[in-house]
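Below: one structure, written as structure tokens.
The values are calculated or read from the model by the stated rules, or taken from the named source; none is laboratory data. Source: prediction; values computed, not measured. Here the Cβ is made from the backbone with ideal geometry for all residues, glycine too, and neighbour counts use every protein chain on show. For the accessible areas, the whole protein counts, side chains as well, though only heavy atoms, and no ligand, DNA or RNA atoms are used. Shrake-Rupley method; radii C 1.70, N 1.55, O 1.52, S 1.80 Å.
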Amino acid sequence: PRAGCASVADRLGSSPVNPSRSVQPEILDELAPDSPAAVASRRDLRVINRLMGGERWIEREVRARSRTGERVLEIGAGTGELGGLLSALGAELGGLDLGPRAADWPGAATWHQTDVLTFTGWSGYAVVVANLFLHHFEAEALGRIGEQVDRHARLLVVSEPQRSRRS
């Protein structure tokens with residue numbers, strides 16, 4: 001991290017904004033990728049993503065802040081919609097997800113089907129993005145992800161809205 005700046009690991013893991021935060025399993029965590037309930041849940045998530053605008057915001061930030069030739073890694077790449085937006089920028093793209101390569105994932109882009117906590121390819125990516133993904137992890141795991149991002153990436157772009165009754 002830069003002098004005077006908290007590391008990503010510190011910001012993600014050891015000093016949570018909401019100390020009463022509770023990580024709850026989601027329906028997609030328990031379902032086979034091709035089950036009808038998983039298909040319906042992913043359809044609902046696509047609608048929510050469009051309404052919230054997180055993917056468009058990430059695409060704008062990557063376009064404005066990435067450098068020519070930097071490779072981009074989407075963690076929690078899921079169904080591939082964000083990857084499609086990012087591939088249109090012309091950057092070399094990788095997706096990381098527990099599930100199999102998404103049908104909508106760009107053809108020339110790399111897919112890593114593995115756990116983000118055991119992924120060993122961080123050094124190949126200068127830009128890391130995540131949309132509605134990091135809320136799945138407890139502070140210790142967030143800290144581990146943050147350590148890898150700190151060590152290898154120049155730019156981290158994350159959309160993770162506040163989850164509260166009011167918002």
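General remarks:
- Residues satisfying the stated conditions in the range 102-111, i.e. open to solvent by 20 Å² or more (accessible area, probe 1.4 Å) and among the aliphatic types (A, V, I, L, M): Ala103, Ala108
- Failed criterion for Val149 (all others in (1) closer than 20 Å to Asn49 by Cβ; (2) open to solvent by less than 30 Å² (accessible area, probe 1.4 Å); (3) not acidic (Asp, Glu) hold): (1)
Residues are listed down the side, and each one gets a yes or a no for (1) out of contact with any Ser or Thr (no Cβ under 8 Å at 6 or more places or on another chain); (2) surrounded by 19 or more Cβ atoms within 10 Å (Cβ to Cβ); (3) not charged (D, E, K, R):
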residue: Arg43; (1), (2), (3): yes, no, no
residue: Arg46; (1), (2), (3): no, no, no
residue: Ala77; (1), (2), (3): yes, yes, yes
residue: Gly80; (1), (2), (3): yes, yes, yes
residue: Leu93; (1), (2), (3): no, yes, yes
residue: Pro100; (1), (2), (3): yes, no, yes
residue: Gly124; (1), (2), (3): yes, no, yes
residue: Ala130; (1), (2), (3): no, yes, yes
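- Among the candidates Leu85, Leu89, Leu117, the residue that is open to solvent by 20 Å² or more (accessible area, probe 1.4 Å) and either within 23 Å of Ile48 (Cβ to Cβ) or in contact with a His (Cβ under 8 Å, 6 or more places away or on another chain) (or both) is uniquely Leu85.
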